[in-house]
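Notes follow once the structure below has been shown.
What follows is calculated from the coordinates using simple rules that are stated; it is not laboratory data. Please read these numbers as outputs of a predicted model, since none were measured by experiment. All Cβ positions, even for glycine, are placed from backbone atoms using ideal geometry, and neighbour counts span all protein chains on display.
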Amino acid sequence: MIPGVSLIEILTVSTLMFFIGVYGFLTRKNLITILMSLELMLNGAAINFVAFNKYLYPGQPNGQLFALFLIAVAACEVALAIAIVINLYRKIKAVDVEQVNTLKH
Amino acid sequence: MEKIIFYILSAVILSLSLMSVLSRKLLRSAVYLFGVLTAIAGFYFLIGYHFLGAVQLTVYAGGIVVLIIFSILLTHEIDHQMPTPEWSRVAVAGALCVAGAVMFIQLLQGSLFSRVEVPEQSDLNTLGNTLLNPGGGGYLLPFEVVSILLLAVMIGAIVIAKQRHSVDNSSQEKQAP
Amino acid sequence: MYDFTTFVQSIGNFLHGQFSPGVATALEWTLVILIYLALYAILGLVLVYVERRVCAFFQLRLGPNRVGWAGTAQTVADALKLLLKEPVTVNKADKLLFNLAPFIITLAALTVISLVPFAKGLQAFDINIGLLFIVAVSSLGVVGILLAGWSSNNKYALIGAMRSGAQIVSYELSVGLSLLTMVLLTGTLQLSAIIETQANGWWIFKGHVPAVIAFFLYLTASIAEINRGPFDLPEAESELTAGFHTEYSGLKFAFFFLAEFVNMFTVAAIATTVFLGGWMPFHIGDWAGFNAVMDFLPPIFWFFLKVSAVIFLMMWFKWTFPRLRIDQLLKLEWKYLMPLNLMNLVFTAILVYLGWHG
Amino acid sequence: MFRAIYEYFKEILLAIRGLINGMRITGKYIAHARKEIITQEYPDNRDTLKMFDRFRGEVVLLHNENNEHRCTGCSACEVACPNGSIEIIWRAGKTPRRAKRKSRLRPSYTTCRCVRCATCVSCRAPLMRSKWGMISNTRFSIVRN
């Protein structure tokens, strides 16, 4: 634990970060920025795992392992999403979600 | 000292993530995201989970952000500016987010977390042993599942992003006199 | 055996005795930062001079020999020239990112040398995941390179940055895997502990064939990772003017230049630490007299001797072979270095499982 | 299958042999670097450096021991020069008799226009000579008067 910092403060930071990510997810139209907002949300969740692990169960590494799996899954997700973005750009020369309006090109 | 560092880090995390969400230049917001992820790695180092911090730096800051920057480099012009979203969307999203954040923080303030005082162990060895333990609270099965997921994603990404030569050839043949 | 632990501790005790704990910690940090900044600048100056001289000797030329004794002040003169030049910013560039990029690269290079153990107890940051941290931080420099190439608004810079990004991201795997082989043998990630395991013999002698293979794979892959010749095609002068730092001038160019040379030092230092025994002196079995003579030299001298030997090997490599093409470069990584590394890793794992390692 | 694996490892071993060969050659170079250096430190060794006879450099007007030259100002070199780097200037004197004097003769020679063809030297043998010596630290020394 960090001396002088309570769990509630860390959780507040992660909550604010999560909702900033939600805001970006709702207002942006560019696929890549949506992806980046998603990363913010995922990281807020990862901070929660780590903080709970450190403050409530310091003897077990379970929260750390969840954060590790979360990072691995986020890497998978980004790799696929970027493959899709590049393919999309090749077909319609844009990466805005509103311009993707055909089912089959 | 740790307290001051924590406040600096959280200020950096919050301000850079706000800038990343609000910036109108795409690459700049990717750079702000890079700053956020590095600051979170710093937070992990501060809390004492060095392995997790290093993994965060390697995978997130060194891998995912580089991938995102690559995709921006491939699909955008340098003077591209994103249009500002219309105000109704901003208002609805902002109201939702503020309401949600206030609600969650209210919930947090009211809750009591019971702390368990356990003497801390050297974390890297327990981490490795738990990760590769086939039974008794071990995480071997998720580990293998994640590795299969990574393999599947690698193949999937290659298949999706690969240029389809057959389609191009047929279209060229049609155009040829 | 010379030991710096007590010396470093006495400085810490002195500071803590004089000031309050907060101020003392801040002073310690400032001292460490100043020492490392000075080391960074000196390393840059010395390595640039050595590189130019050695390169000249390989090509049967003389190299810089006018300024100072045998040209030793040449790099100082060059640094002064770069300092006094006008910092030109391109008109259509993204100013913020253009100015930020050199600092990201410099930060990554500086953070990595803070982990290098120069002698027993002479290490700023002895973390228990040292090797992983080095791999993690050295992968951050690529962000700076990509930003520099993009924000210059220049096609040569952009192509150089893209090539550099692809190269660094792919060669990072080989660096990580070859270091992982050595982690299997040593059983620890902490740099000081890795050196402690080599007290009875360096890993390159003790670790049999896998260690030797891993050493050469590491050297090749990390030369490619820091964009040095013959893998320097991100900054191929004849094709891309100067690659990602085409538009930079003056001090900001000097940052890129310095970071490149300091990265070279870091690669040599990690190779020394992991494979060549760090600051351990050279010992042969039971030759007590010989070992005593070798112990007489201070460990920091041994460290720099080994590092300069590795740097000389890297320069030899650079000035012997022509530059690779981009497809040859990626083929080398994915078709040869990666499979060899994986085979080596499995081989080492079997060796360690059977308990045959030193 | 086994054939392919054999070829793969054979390729790697051949590559390693090639690398060692290349590094042996450059290693030989650096081992003998002191003896075999071919760089000439030009302006410093001007006295000892031997040049071949047919070398063509900057043209100089030959002077005798009293620092007098025998140029009569016939302008043959000026005519012969393909790109006008030599110019014979007669300083206008008060009387025609004094104007003809040698001290008033001023051959001007611009090195940056000269292509070192040495056509001018062949005009009057003992008067001019093609000599190596093209080095200048200032831009004022490019034009010789």
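Could you work out how far helix B:165-175 tilts from the main Cα principal axis of chain B, as a 0 to 90 degree angle to the nearest 10?
The helix B:165-175 is inclined about 30 degrees to chain B.
To the nearest µm²/s, what D does Stokes-Einstein give for the protein assembly as shown at 37 °C and 0.692 mPa s, using the Kirkwood radius over alpha carbon pairs as Rh?
105
Can you give the Rg to Rh ratio of segment C:85-158, both from alpha-carbon atoms, with Rh computed by the Kirkwood formula?
Value, to two decimals: 1.15.
Could you tell me the relative contact order of chain A? Use alpha-carbon pairs under 8 Å, at least six residues apart, and round to a whole percent.
27
If R₀ is 30 angstrom, what is the calculated FRET efficiency for the pair B:Q106 and B:M82, using the beta carbon separation as r and rounding to 0.05?
On the way: r = 34 Å, r/R0 = 1.12.
Rounded to the nearest 0.05, the efficiency is 0.35.
Nearest 500 deg cm²/dmol is fine: what mean residue ellipticity at 222 nm does chain C get from its DSSP H runs of n ≥ 4 alone, each adding -39,500 (n - 2.57), divided by its residue count?
On the way: 16 runs with 245 residues, N = 358.
When only DSSP H runs of four or more count, the value is -22500 deg cm²/dmol.
Measuring from centroid to centroid over Cα atoms, what is the spacing of segment B:1-35 and segment B:57-79 in Å?
Measuring centre to centre over Cα atoms gives 17 Å.
Quick one: putting +1 on the C-beta of Lys and Arg, -1 on the C-beta of Asp and Glu, what dipole do you get for chain A around its Cα centre, in Debye to the nearest 20? Please list the in-between numbers first.
Working: 7 positive and 5 negative charges, 85 e Å.
So the dipole magnitude of chain A works out to roughly 400 debye.
Where nothing but the Cβ of Lys and Arg (+1) and of Asp and Glu (-1) is charged, how large is the charge dipole of chain C around its Cα centre, in debye to the nearest 20?
The calculation lands at about 760 debye.
Output the DSSP H helices from chain C with an along-axis C-alpha extent of no less than 18 Å and a mean Kyte-Doolittle hydropathy no less than 1.0.
C:21-58, C:95-113, C:155-186, C:208-225, C:250-274, C:299-320, C:338-354
Given C-alpha coordinates of segment A:7-99, what is the ratio Rg to Rh with the Kirkwood estimate of Rh?
My calculation of the ratio gives 1.10.
B:M1 versus D:R3, label points 7 Å from Cα toward the beta carbon: distance in nm?
6.8
Which whole number in µm²/s is D for segment C:219-309 by Stokes-Einstein, with the Kirkwood Rh taken over Cα pairs at 4 °C and 1.567 mPa s?
Taking Rh from Cα pairs, D becomes 83 µm²/s.
Explain nothing, just the number: relative contact order of chain C, from Cα pairs under 8 Å at least 6 residues apart, as a whole percent.
22 percent.
Considering only C-alpha atoms, what is the centroid distance from segment A:1-40 to segment C:285-358, in Å?
That distance is 43 Å.
Ordered by residue, what ³J(HN,Hα) values in Hz, to whole numbers, does segment A:87-92 give under the Karplus form 6.51 cos²θ - 1.76 cosθ + 1.60, where θ = phi - 60° and Gly and Pro are x?
Per residue, the Karplus-derived 3J(HN,Hα) values read 5, 4, 4, 5, 8, 10 Hz.
Report, to one decimal in Å, the Kirkwood hydrodynamic radius for chain B based on all distinct Cα pairs.
The answer is 21.2 Å.
Apply the Karplus curve 6.51 cos²θ - 1.76 cosθ + 1.60, θ = phi - 60°, to the phi angles in segment D:23-33 and return the couplings in whole Hz, x for Gly and Pro.
6, 5, 5, 5, x, 4, 4, 6, 5, 9, 4
What net charge is computed for the residues neighbouring C:K92, neighbours being all others with C-beta under 12 Å from the C-beta of C:K92, Lys and Arg scored +1, Asp and Glu -1?
Residues close to C:K92 contribute a combined charge of -3.
From the alpha carbon gyration tensor of chain C, can you work out the equivalent ellipsoid semi-axes (sqrt of 5 times each eigenvalue) and give them in Å, largest to smallest?
After diagonalising the Cα gyration tensor, the semi-axes are 33, 27, 21 Å.
For the charge dipole of the protein assembly as shown, defined by +1 on Lys and Arg C-beta atoms and -1 on Asp and Glu C-beta atoms about the Cα centroid, which residue among A:L40, B:T84, C:H208 has the Cα displaced farthest towards the positive pole?
B:T84
First obtain the Kirkwood hydrodynamic radius of segment B:1-80 from its Cα pairs, then insert it into the Stokes-Einstein equation at 20 °C and 1.002 mPa s, and state the resulting D in µm² per second as a whole number.
161
In degrees, nearest 10, range 0 to 90: what is the angle between the Cα axis of helix B:140-161 and the longest Cα principal axis of chain B?
Relative to chain B, helix B:140-161 is tipped by roughly 20 degrees.
Given H placed on each backbone N at 1.01 Å, which residues far from D:E58 in sequence or on other chains put an amide H within less than 5 Å of it?
For D:E58, the qualifying residues are D:K131, D:G133, D:M134.
Suppose every Lys and Arg Cβ carries +1 and every Asp and Glu Cβ carries -1, with no other charges. What dipole size does the protein assembly as shown come out with about its Cα centre, to the nearest 20 debye?
Using Cβ point charges on Lys, Arg, Asp and Glu, the protein assembly as shown gives about 4980 debye.
Would you kindly work out the equivalent ellipsoid of segment B:45-98 from its C-alpha gyration tensor and give its semi-axes, the square roots of five times the eigenvalues, largest first in whole Å?
32, 23, 7
Given 0.36 nm per residue, what is the gain on full extension from C:F282 to C:F7 after removing their alpha carbon distance, in nm?
Contour length minus Cα-Cα distance gives 96.6 nm.
Go through segment B:25-35 residue by residue and turn each phi into a ³J(HN,Hα) via Karplus (6.51, -1.76, 1.60, θ = phi - 60°); whole Hz please, and just put x for glycine and proline.
9, 5, 5, 4, 5, 5, 5, 5, 4, 4, x
Against the longest principal axis of chain B, how steep is helix B:87-110, in degrees 0 to 90 to the nearest 10, with axes from Cα atoms?
The two axes meet at around 20 degrees.
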